[in-house]
């Protein structure tokens, strides 16, 4: 079933936004799923398997919206595109690393999701409002979990602190790439589709900086006049579909079975 | 041939149970939300409990198969988020069926973090001396608990 966008909305920009959301979820879901069978403890194996399944489900919802607007099926989007056609940020494509990196990445992503989805609940685009209203309640469990891990591991022992701090040092500049400006974003802001990536980033910083700091982790951000500023170079490029070899490896893995028999019925 | 009316369609759909919880029908659970018939074409609106639920494809196939059995060849299944599925939609009847099956019904709160501390009554012995073993469970919609009195594991439906 296809739907039409209100003609007042900039169509290509809306599609760029939806694609970024879908591609982010697909890639992080895949990376999270790489912990299945390999997590340090059973509860975390179950947790990340659940979170991964949720993320893949969320990607399906965004791809389904994309399909309603373009006719391109979720399977085609996930399995038939070349790695140079994805619009995910670099952050979600990197290998899972050690558990400290994974926990920090998940936490930073989950806080960004909270900010994004809460903003979309006020969108002038009905589909965005409705989908976000559903997703935000599922995401709440992810944030509850990742935040709990950051709190516990941040300053539990010298070893846990070391892994977590290394995770923050590595992940923070990468995370900023989640907020890389989209093409045509100003048009979306003007029409009330969403408040824009700069606003979301500020909201995100206001959440993650105090939280990480309270877990005794050092964050490359400072505070001036009540706002948080970061002066490190963000790991941008993903939204412009310029990627590293890590995404190529991920996509080769993800599409491996499909490529062998694209017409197979499962 | 006269096609069956809407009431007959609903009665047929009521027979479809949740693959994971075979005591609850999808209509009981409010997963099947709306049915409209126009010119012999049926549109069924569903709302998933969790959007990543792997049973969704099976559920859609089941709906189509059953309606085909009634004579409807043209069936469209739409996913609706107006409003999104909520565990509040499980009424007392559905909650009791969950308990009888051995699954504690969802905590009734609008604050997801509160579910970490809201206790669950053991569906087997009724005791409140239970604790959460895992925030996540064997399926997306459940979390793992343990009863310190009758010493059995059980699952609780997640609040969402």
Legend entry - Rounded, prolate or oblate (a/c below 1.5 giving rounded, otherwise prolate when a/b exceeds b/c) for segment A:125-266 by Cα gyration tensor: oblate
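Within 10 Å of each Cβ in B:44-51, how many Cβ atoms from other chains are there, averaged over the peptide? Intermediate values should be presented prior to the final figure.
On the way: counts 0, 0, 0, 1, 3, 1, 9, 13.
If you average over the peptide's residues, the count of other-chain Cβ atoms is 3.
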Inset, instruction - Quickly work out the residue B:110-to-residue A:96 label distance, labels modelled 7 Å from Cα along the C-beta direction, and quote it in nm with one decimal. - result: 3.7 nm
Legend entry - Average partner coverage of B:76-88, which counts Cβ from other chains inside 10 Å: 3
Legend entry - Model label zone, residue A:80; criterion: amide N under 17 Å from point 7 Å along Cα-to-beta-carbon; scope segment A:1-30: A:1
Inset, instruction - Determine Rg/Rh for segment B:32-160; Rg is computed over alpha-carbon atoms and Rh is the Kirkwood hydrodynamic estimate from the same atoms. - result: 1.08
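Across peptide A:145-154, what mean number of C-beta atoms from other chains lies inside 10 Å of a residue's C-beta? All intermediate terms of the calculation are to be shown ahead of the outcome.
Numbers: counts 3, 0, 1, 3, 0, 0, 0, 0, 0, 0.
That works out to 1 on average.
Taking Cα pairs under 8 Å and at least six residues apart, what relative contact order does segment A:11-260 come out at, in percent? List each step's numbers first, then the result.
On the way: 345 pairs, mean separation 62.7, N = 250.
Relative contact order of segment A:11-260: 25 percent.
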Legend entry - Residues A:62, B:10, sorted so that the one with the fewest Cβ neighbours within 10 Å comes first: B:10, A:62
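Mind giving me the FRET efficiency for residue B:57 and residue B:15? R0 is 25 Å, r the Cβ-Cβ distance, nearest 0.05 is fine.
On the way: r = 19 Å, r/R0 = 0.75.
About 0.85, to the nearest 0.05.
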Legend entry - Using alpha-carbon coordinates, inclination of helix B:56-69 to the longest axis of chain B, degrees: 40 degrees
Legend entry - Ascending count of other beta-carbon atoms within 10 Å, so fewest first, for B:85, A:35: A:35, B:85
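Within a 10 angstrom radius of the beta carbon, how do A:48, B:124, B:154 rank from fewest other beta carbons to most?
On the way: A:48 28, B:124 16, B:154 22.
Result, fewest neighbours first: B:124, B:154, A:48.
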Inset, instruction - For segment A:11-260, just the Cα set please: Rg and Dmax, both in angstrom. - result: 17.4, 57
Inset, instruction - Jot down the per residue volume, in cubic angstrom and as a whole number, of the convex hull over the alpha-carbon atoms of the protein assembly as shown. - result: 155 Å³
Legend entry - Helix B:92-101 axis, angle to chain B major axis (alpha carbon atoms, nearest 10°): 70 degrees
Inset, instruction - Order the peptides B:138-146, B:15-23, A:198-206 from the highest to the lowest mean number of other Cβ atoms within 10 Å of their residues. - result: B:138-146, A:198-206, B:15-23
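Every number in this text was worked out from the coordinates using simple rules, so none of it is lab data. Computed from a predicted structure; not experimentally measured. Using ideal geometry, Cβ is built from the backbone for each residue, glycine included, and neighbour counts are taken over all protein chains shown.
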